[in-house]
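Contents: one structure, followed by commentary.
All of the numbers you see were taken from the coordinates with simple rules; none came from a lab. Please read all numbers here as calculations on a predicted model, not as lab measurements. Positions of Cβ are backbone-derived with ideal geometry, glycine not excepted, and every protein chain shown enters the neighbour counts.
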Amino acid sequence: MSAPRPEARKCAVCGKPQDNKFKPFCSKRCADVDLSRWLKGSYAIPAEEPPEFGEGEEG
């Protein structure tokens, strides 16, 4: 008896099965959509800005 076959991975953008040529996406279109999101800042990680130099310090 063989081990259960793992479920096919899905495209990170649309959920269709991945294509090995465009991993982790299903097509060049989805890869381009993801790149566009990165370039627009849609995937920006929220961060707390450090205080400006001298701000909050006395003297």
(request) Would you please name the chymotrypsin sites (Phe, Trp or Tyr not before Pro) within the range 10-55 that are DSSP coil residues with at most 10 other C-beta atoms within 10 Å of their C-beta? (result) Tyr43, Phe53
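What is the gain in length, in nm to one decimal, between Cys14 and Lys40 on full extension, counting 0.36 nm per residue of separation less the C-alpha to C-alpha distance?
7.5 nm
Grab the Cα-Cα distance for Glu49 and Lys28, subtract it from 0.36 nm times how many residues apart they are, and report the gain in nm with one decimal.
Working: separation 21, 0.36 × 21 = 7.56 nm, distance 3.54 nm.
Full-extension gain reported as 4.0 nm.
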